[in-house]
Amino acid sequence: MNKRPSTERGRQTRQRIVAAATAVVSEKGAVGASLDEVGVRASASRGQLYHYFADKTELLHAVAESTSNAVLDGQRPLFDELNSWAGLTQWMNALVEVQERLQGRGGCPIANLVAQLGERDDEIRVELASGFDRWEAEIRAGLVAMVDSGELEPNTDVDWLAASTLANLQGGLILTQARRDPRALRQALDGALALIATFRRSDPVDH
């Protein structure tokens, strides 16, 4: 894999190429994305593309990394509040509101790339899996904070709940995308919330 550019101008050019490639992949799929179209959208020559990326596979790896970062960064303000029951429900409501605004289109960008590339390139699969791992870790951290604050029982299995919550979220997104119906995501997240609720303390500890 080529080295990351050392200059600000180089970083901006590389970022512009990755952003263009991400847009093309989103519209036409990884297989249908061509380097020529990426170059046109990024206002970059073939020489520039190959300066930053050895081949299309390496560019798609960068797209996978950028996609995972974008999905997580987009939730960052909500992750920062994911340390209470109110923050948990606010995060879930926001996810549903996004799908309502999109009318159920798009699904999960990370999952979309897994379906297109996960079985074709193991390094890309691992990169996308890392995105899910980081997503799950954010949920787990919020649950741990709720245990520490006394909102959840001390024996709460935060690993299990974080994994099941992410699984519910992903399943809900797939059904929402297939049916063009955000209610599927709402139902999936309500199920996750109901499971977490079984660990709520009836007498929250005051700090």
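Structure notes:
- When residues of the stretch 187-205 are limited to those that are touching a Gly at 6+ places or on another chain (Cβ under 8 Å) and either aliphatic (A, V, I, L, M) or at pLDDT 95 or above (or both), the one farthest from Gly171 (Cα to Cα): Val205
- Residue within the stretch 51-62 that is part of a helix (DSSP H, G or I), in contact with an Asp or Glu (Cβ under 8 Å, 6 or more places away or on another chain), at negative phi and among the hydroxyl-bearing types (Ser, Thr, Tyr) present: yes
- Restricted to the stretch 168-183, and to residues there that are touching a residue at least 60 places away in the same chain (Cβ under 8 Å) and either in contact with a Cys (Cβ under 9 Å, 6 or more places away or on another chain) or part of a helix (DSSP H, G or I) (or both), the residue that is surrounded by the most Cβ atoms within 10 Å (Cβ to Cβ) is Thr176.
- Residue, nearest to Thr165 (Cα to Cα), within the stretch 117-151, restricted to residues that are at pLDDT 95 or above and of a type in the set (Lys, Arg): Arg140
- Tabulated pairs, the stretch 115-136, first charged (D, E, K, R), second assigned to a loop (DSSP other than H, G, I, E, B), C-beta under 6 angstrom, 6+ apart or interchain: Arg125/Gly118
The values are calculated or read from the model by the stated rules, or taken from the named source; none is laboratory data. Here the structure is a predicted model, which means the values were calculated and not measured. In this analysis, Cβ positions are derived from the backbone assuming ideal geometry, glycine residues included, and neighbour counts consider all displayed protein chains.
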